[in-house]
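A.B. asks: Following this message is one structure expressed as structure tokens.
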Amino acid sequence: MTTNPNIENRAIEKYLRQDRLPHIFCSGCGVGPAIGSFLRAINRTGMDPDKTIVVSGIGCSGRAAGYIKLDSFHTTHGRAIPFATGLKMANPELNVVVFSGDGDLVTIGGNHLIHAARRNITMTVICINNFIYGMTGGQVGSTSPLEARTTTTPYGNFEAPFNLPYLVSASGATYVARWTILHIRQLSFVEVIAPCPTQFGRMNQKPRGLDHLHYYQEKSVIRNGADPRDAAIELDGPILVGKFVDIERPTLRDGLQQITERAKGNNKAE
Ligand code: SF4
Ligand code: MG
């Protein structure tokens with residue numbers, strides 16, 4: 001393992017589909033750095049790339065599957081998690097990682113997200129939260145802060161947003177963390193606060209990627225073990241970051257095995 005950035009960048013190049021470059025991301029976009037963090041995590045942890053699968057949905061973040069040179073699947077809108085669930089249940093040896101955006105995972109696919117947390121499927125969900133539907137035109141989503149201006153709420157968003165760490169922890173997720181794209185070293189899961197200067201930033205006084213990084217630097221508050229209920233984000237307000245939940249409980253596969261054994265026992269008794 002190396003942490004020299006130049007050497008490490010060369011080490012992760014093998015995980016990129018270079019024939020797909022140049023990429024589609026706007027200048028200042030947070031998706032590319034998040035993909036880079038994910039690839040560095042693979043490199044540093046020694047995860048077996050032959051057993052690591054990336055599943056994405058639709059959107060700018062959902063393009064990750066197209067650029068990452070692992071077995072990767074670009075699925076339909078909001079359906080990355082059920083697709084990944086099938087992969088994991090069919091082959092429990094796989095490291096299944098869902099990598100997608102807030103619009104895809106939470107707004108279109110929110111039902112799948114909460115049920116995956118409830119079932120405790122052994123998978124990692126990396127949710128790039130840029131508070132907006134980026135690719136489809138900057139529409140308001142279920143994570144857009146109150147009063148945020150978007151293309152469909154030009155006078156400000158009047159719908160209360162989801163607090164994602166609270167949503168998934170209340171649904172049963174065993175590991176919940178949030179970092180921003182500025183906290184590049186800690187990125188290992190779940191909610192990654194990331195700039196969309198093109199669609200969200202231009203409507204909310206942060207038209208450059210750098211504006212978002214200044215905001216993250218000034219307003220991020222690191223509090224590991226914080227109560228996820230305290231993690232709601234207000235427009236331009238503080239962003240609570242850290243590892244909020246890290247617990248163990250039986251997985252979906254454990255439950256399936258237990259019930260299968262019980263059924264076999266019952267059959268023998270008959
Ligand atoms: Fe990134 Fe936003 Fe551009 Fe999409 S529209 S590539 S999320 S900056
Ligand atoms: Mg988004």
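The values are calculated or read from the model by the stated rules, or taken from the named source; none is laboratory data. Being a predicted model, the structure only gives us computed values, none of them experimental. With ideal geometry, Cβ positions are generated from the backbone for all residues, glycine too; neighbour counts draw on all protein chains shown. What goes into the accessible areas is simple: the full protein's heavy atoms, side chains included, and nothing from ligands, DNA or RNA. Shrake-Rupley method; radii C 1.70, N 1.55, O 1.52, S 1.80 Å.
A.B. asks: Is it true that some residue in the range 113-120 is assigned to a loop (DSSP other than H, G, I, E, B) and out of contact with any Ser or Thr (no Cβ under 7 Å at 6 or more places or on another chain)?
C.D. replies: Looking through the range 113-120, none of the residues is assigned to a loop (DSSP other than H, G, I, E, B) and out of contact with any Ser or Thr (no Cβ under 7 Å at 6 or more places or on another chain).
A.B. asks: Also, quick follow-up: Quick check on my filter: what residues within the range 121-132 are in contact (Cβ under 8 Å) with a residue 60 or more places away in the chain, away from ligand 1 (no atom under 12 Å from the Cβ) and assigned to a strand (DSSP E or B)?
C.D. replies: 124, 125, 126, 127
A.B. asks: Let me ask something else about it. Of the residues in the range 139-163, how many are within 12 Å of ligand 2 (Cβ to nearest atom) and touching a helix residue (DSSP H, G or I) at 6+ places or on another chain (Cβ under 7 Å)?
C.D. replies: Residues flagged as within 12 Å of ligand 2 (Cβ to nearest atom) and touching a helix residue (DSSP H, G or I) at 6+ places or on another chain (Cβ under 7 Å) within the range 139-163 amount to 4.
A.B. asks: Next up: Looking at (1) within 18 Å of the chain's Cα centre (by Cα); (2) away from ligand 1 (no atom under 16 Å from the Cβ); (3) open to solvent by 50 Å² or more (accessible area, probe 1.4 Å), can you tell me which one residue 135 breaks?
C.D. replies: All conditions pass for residue 135, except number (2).
A.B. asks: Let me ask something else. Return a yes/no flag: does the range 77-89 have any residue that is buried (at least 18 other Cβ atoms within 10 Å of the Cβ) and within 20 Å of residue 180 (Cα to Cα).
C.D. replies: Among the residues of the range 77-89, not one is buried (at least 18 other Cβ atoms within 10 Å of the Cβ) and within 20 Å of residue 180 (Cα to Cα), which makes the answer no.
A.B. asks: Please determine, by comparing only the residues of the range 43-73 that are within 16 Å of ligand 2 (Cβ to nearest atom) and assigned to a helix (DSSP H, G or I), which one is surrounded by the most Cβ atoms within 10 Å (Cβ to Cβ).
C.D. replies: For the range 43-73, the residue satisfying everything is 61.
Here's the yes/no breakdown for (1) hydroxyl-bearing (Ser, Thr, Tyr); (2) touching a helix residue (DSSP H, G or I) at 6+ places or on another chain (Cβ under 6 Å); (3) within 29 Å of residue 251 (Cα to Cα):
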| residue | (1), (2), (3) |
| --- | --- |
| 13 | no, no, no |
| 20 | no, yes, no |
| 64 | no, yes, yes |
| 77 | no, yes, yes |
| 92 | no, yes, yes |
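A.B. asks: May I ask you to list the residues in the range 90-108 that are part of a helix (DSSP H, G or I) and either open to solvent by less than 60 Å² (accessible area, probe 1.4 Å) or within 16 Å of ligand 2 (Cβ to nearest atom) (or both)?
C.D. replies: If the condition is that a residue be part of a helix (DSSP H, G or I) and either open to solvent by less than 60 Å² (accessible area, probe 1.4 Å) or within 16 Å of ligand 2 (Cβ to nearest atom) (or both), then 102, 103, 104, 105, 106, 107, 108 are the ones that fit.
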